[in-house]
Each structure stands twice: as structure tokens, then as C-alpha cells.
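**Q** The structure under discussion is supplied below as C-alpha cells; questions concerning it will follow.
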Amino acid sequence: MTPSPRRFDRGWALIALCVGIVAYLALVPLGVLLWQSFFTPQSAGSAAQFTLGNYATAYASRETALLLRNSLCFAAGTAVFSLAVGTGLAWMNERTNAPFKSLFFALAIVPLVIPGILFTVAWILLASPRIGLVNLAAKAWLGIDAPFDIYSMAGMIWVDGLHYSPMAFLLMSATFRSMDPSLEESATMSGASTWQVARRITLRLAWPAIFAALLILFVRSIESFEVPALLGTPAGIPVFTSAIYQAVHRYPSELGLASAYSVALLVLAAAGLFYQSRLAGNGERHATVTGKGFRPRLIDLGPWRWLAAALFITYFLLVVALPFAILLWSSLQKFYSVPSLQAAQNLTLDPYRFILAHPNFLRSVGNSVLLAFGSATLVMLLTAVISWAVLKSRLPGRRLLDNVASLPMVFPGVVLGLALMVFHLHVDMGLYGTLWILMIAYVTRFMPYGLRYNSASMLQLHRELEESAQVSGASWATIFRRVVLPLIRPGLVAGWIYVFIVSVRELSSSILLYSPGSEVVSVVIWELWENGQYVELSALGVMFMTALFVLVMVARWAGTKFAVAA
């Protein structure tokens, strides 16, 4: 249904406003970034000039070749490792009779809400060569001196790969759950073993989904900031995200050089998403789910099923239990001490008292909640209008609108933060240094995800529902408010919960945009780390993670109440 120009003037005005907002959010950062990459600031009082010097400095040195190599190695290694872990666990959970499956699937979402900076700090306390609990235990029990070095490329891949493995698990679980098992059953009847069926049938059928998941994980890894900053920088392993942050924080700031680095990062992220979208567009060639009904038959692992259960438990220990436990222990010390009976006698709540009395604590919590609530609400309402315009109207250029609204997906958080910082430094709108610039960053960054949630729900609505309301004399605004929004409520609620969670733990874009008074919790954690206040950081981390876990439980309850699919 397309609104009549004469009757739905307000509807057209609302759509035009939303289109304008989307164009501003998506195109301004890209334009500013490209402009700034050709701009070299001169000394005070001198005229600015456009030059290729930033690109010459960025790409004509051995340092940039090292940045590219490290970035690709880190992103590819992380993507492959997280995919291997997530695919193996998803196969055991969906296609076999392994124990604890329902419990494991319910717990799989928990690691997704752990902020990257806290997960990284926890693994520093676990695997640091000098103070790492795992290394000290290996030396005491096995006589091996520091077998694990978290400050290495392998350590970076290990931490980021474990952190992203729940994403791979959820992506591949959906694939294995909907796959027709007839070919697997035929192979089993022909005498193939369980491992032959998994390797030669199941994984080959799931190859398009595996490759798509690999590309998504590659893009998420190439934009990672916390792990390269906390592990790569001390080890002398720079990547593009850490190089951008350091260029901005030099004195004087080298914004042009940072922008030139950002262009390379944009190209890498855009290439990964481009190939992923191409694969999705050719998905029907690899379809295995048809209109024919089927009931998947679980593979009997026999005695190996207990090994699968042990793998589930080990994974949960590595991703949730150990990181949380080491942070909890650290948060109860006056100064960080390795767990021991002697250290257990010095337990204290002083770090929690310090955090509760910290001048930025309540303000940062309020800022985080306010920004998360506001960005989730704005993203879902804005993308609801955009998805209607793209899918239900006959507006010219609606496909282009969909592409523009999806454009921020290629912006790594640190790149988006840099672009908005540069724009608002040169165009004084009174937003720089306030919460509003953080709100703009969050809405821009998570707009593509809200669009996907709303589009999935919007596709299920038949046009006749809106046409019936129109025949009854309802205006477009009334139809959208009283018909469309209630019917897409499951997608709205699910998308709102997702955007709220990822907003409340966002760091990579916040780190370049915050100022005194506009700190969020993730920035306070970062500042505590830079100040060497590890036990206080742990106390705040434990409180933050506990609050996020409670939020996940509430989200699951809301999902059940509003019939939102997990």
C-alpha cells in the first residue's frame, strides 16, 4: 500500500524525515572520513591544504605493511578459530544425542553480553606470563614455566576467538536445526561412520552457511578494538584499530593519518560484507530445506556422548566461569594477588566501596542506561519506518534506501567515532562533548541490525491488512501505529533488546567521543585499566556483568511473554 499524496501528507512527511535522518547518519561519516584523509592540519594560524601526504605516510612505509599483515592474520585467525569452535558445538548440540543440550543452548547467549574489555582483562589475569593463574598452576603442578603467553598473536586470536565463538554457535545452530537429514540417514544406512557423515555430508551441505558465518566473523574481528589495544599494543603487535587510536591520541593529533588508516579498514570490512551478501543472494543454489516435512533423527554418539558433555562443560568454564571467577577473586583483594590460602585471608570489599564512592560511577551508569534505552528506541522506530518504505511501498529508490541504511555496518566502531569526532569539531552544532554525539554514534552503528529485525517481521505482513484499514478511512499514521507496529511487535521487542545490550557495553566508538561528564561504564573500565587500578576494575566488572546477566534473564522472560523467538 502506497499512501495517497493528497490524503497522507503527514505520512509522507514522516517518511521523508526518516529518510533524511538515515542519509545523514550513514553518508556524513563516510564523506567526512574521505575528506579528512586528504586533509593535513598545518600549524596554528596557517591555511589548511589538501594533500596526498596522509596516504603517502600511511601506505608508503613498512609499518603499514606490518599493520595490514597483523590485521589480516588476527582477523582470519580469530574467524577460523571461533567458527571451528562454534560449528563443532552447534553440530553436537543440534545433530547428536549429547547430554545437557537444552541447558547449554540457554547458556550460549550469556557470553554475548560480556563486554570485550572485561573478557580480555580476565584472560590477562588467567594467562599473563608473569601473574597468570593458568601459567602459575602449570609451573607448580607440571614444572612448565609459562606455557601460555597471552601477549602474542596466538593469545589475541585465542581471546577474541573465544569471545566470538557464541556468535558462530548461534549462526550454525540455526543451519543444522533446519537441515533435511535424509542425505545423512542415507549415508548412515550405506555404512558410513558418524564422523564420515559429519565431514562428507553435513559440513558440505552447510558450506554456504559456514562461509557466510566466516565472513561475518572476519568483519567483526577486523574491527575489534579491545583485544588489540590491551594485548597487541604491549606485545608490539599493532593492527589498524590500535594504530587509529594511537594516531588520534598523539600530540599533536594526526587526524589525517588516522583517517587514511580508517579507509583501509573500511575497505577490508566492506569486502567481507560484500562477499557475504553475494553468497546470500545465491543461497537458493545450495538450499536443502524444502516444503517437504521432515523430523531430524539425532546421531547416537554412544559412549562418545559423555566426551561431548565434557566439551560443553569445558567450553562454559573457559568462556564464562573462569573469566567471571578470576574477576570476582580480584575484586575482593586490596592489591591483586594470585589465588591462594594466604591471599584468601585478606579478602575485602574495599574495591566495591571505592567504585560505589567513585565520582563517575553513578553518572556513568546513568549515561549508559540512558544511551542504551534511547538508542534502542530510536533505532527500532526509525528502522520500522524505513523497512516499511523499502518492503511495503512503491517509493522510487527504495532499494537504494535499504543499501544506505545498511551502510554503517561496514564502519568499525573506532572509525565511526573518528568520523563523528572530526565532523563535529569542524561543524559546530553544540553536540561535541555531550551525550548527544554518543547517541548519534550508537544509533548509526546499530541501525543496520534494527533494520534486519524489523524487515524480518515486516516481510510476514500481507498487504491486505493495511488495505482493509485504509478502506475503513484510517490515515497512514493511524495504520502504521495501530496495525503495522502491533503486528511486528516480536521483531521490535527482539531488536530493542539486542540493541540495548550491545549499546550498554559499547566501547570502540565511545572511546573517541566521550568527555568529562559523558563517560559510560565501558569507558570508566578503560580508564581504570589505564590507571593500573585492577582490583577496582574487577569490582566494577563483576557488578556490570551481573547486571547484564540479569538483563539477559529479563530479556528471555520478555521473549516468552511477547512470543519472540530465541
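The values are calculated or read from the model by the stated rules, or taken from the named source; none is laboratory data. These numbers were taken from a predicted model, which means no experiment stands behind them. All Cβ positions, glycine included, derive from the backbone under ideal geometry; neighbour counts span all protein chains shown. Ligands, DNA and RNA are excluded from the accessible area calculation, which covers all protein heavy atoms including side chains. Shrake-Rupley method; radii C 1.70, N 1.55, O 1.52, S 1.80 Å.
**Q** Can you compute the modelled spin-label distance between K139 and M553, with each label point 7 Å from Cα toward Cβ, in nm?
**A** 3.9
**Q** How would you order 145-151, 228-234, 416-422 from highest to lowest mean count of nearby Cβ atoms within 10 Å? Intermediate results must be reported in sequence, preceding the final value.
**A** On the way: 145-151: 16.4, 228-234: 21.6, 416-422: 26.1.
Ranked by mean Cβ neighbours within 10 Å, highest first: 416-422, 228-234, 145-151.
**Q** Please give the contour-minus-distance gain from R305 to A271: 0.36 nm per residue of separation, less the Cα-Cα distance, rounded to one decimal in nm.
**A** Working: separation 34, 0.36 × 34 = 12.24 nm, distance 4.01 nm.
Taking R305 through A271 to full extension adds about 8.2 nm, to one decimal.
**Q** Which value, in Å to one decimal place, does the Kirkwood hydrodynamic radius take for the stretch 387-429 when every pair of different Cα atoms is included? Kindly include the intermediate steps, with their values, before the conclusion.
**A** Details: mean 1/r = 0.0807 Å⁻¹.
Taking every pair of different Cα atoms in the stretch 387-429, averaging 1/r and inverting gives 12.4 Å.
**Q** How high is the FRET efficiency from A321 to L72, r the C-beta distance, R0 41 Å, rounded to 0.05? Intermediate results must be reported in sequence, preceding the final value.
**A** Working: r = 32 Å, r/R0 = 0.79.
Given R0 = 41 Å and the Cβ-Cβ separation, E is 0.80.
**Q** Still on this structure: Return a whole-number percent for the relative contact order of the stretch 112-169, with Cα pairs under 8 Å and 6 or more residues apart as the contact set.
**A** 31
**Q** Starting from the amide H of I299, placed 1.01 Å from N in the peptide plane, find each other amide H under 5 Å away whose residue is 5 or more places distant or on another chain.
**A** When sequence neighbours closer than 5 places are left aside, the close amide H contacts are T96, N97.
**Q** What length, rounded to one decimal in nm, is gained on full extension from Q345 through to Y24, with 0.36 nm per residue of separation minus their alpha-carbon distance?
**A** Details: separation 321, 0.36 × 321 = 115.56 nm, distance 5.75 nm.
Here the segment from Q345 to Y24 would lengthen by 109.8 nm.
**Q** Something else: Please compute the per residue accessible area over the stretch 53-111 with all protein chains in place, 1.4 Å probe, rounded to a whole number of Å².
**A** Values: 2430 Å² over 59 residues.
Roughly 41 Å² per residue, with all protein chains present.
**Q** Using a 1.4 Å probe, what is the accessible area per residue for the stretch 210-261, in Å²?
**A** Working: 1530 Å² over 52 residues.
I get 29 Å² per residue for this part.
**Q** Another question, if that's okay. Going by Cα centres, the stretch 352-368 and the stretch 59-132 are how many Å apart?
**A** 30
**Q** Length gain on complete extension for the stretch A65 to F335, per 0.36 nm per residue less the alpha carbon to alpha carbon distance? Don't jump to the answer; show the numbers that get you there.
**A** Details: separation 270, 0.36 × 270 = 97.20 nm, distance 4.07 nm.
Gain on extension, A65 to F335, equals 93.1 nm.
**Q** So how far, in whole Å, is the C-alpha centre of the stretch 403-422 from the one of the stretch 299-343?
**A** Cα centroid of the stretch 403-422 versus Cα centroid of the stretch 299-343: 36 Å apart.
**Q** Give me the mean projected area, in nm² to one decimal, of the convex hull enclosing the Cα positions of the stretch 346-415. Please list the in-between numbers first.
**A** Details: hull surface 31.2 nm².
That works out to 7.8 nm².
**Q** For the stretch 67-143, build the convex hull from the C-alpha positions and give me its volume per residue in Å³. Walk me through the numbers on the way to the answer.
**A** Values: hull volume 12.3 nm³, N = 77.
Looking at the stretch 67-143, the number lands at 159 Å³ per residue.
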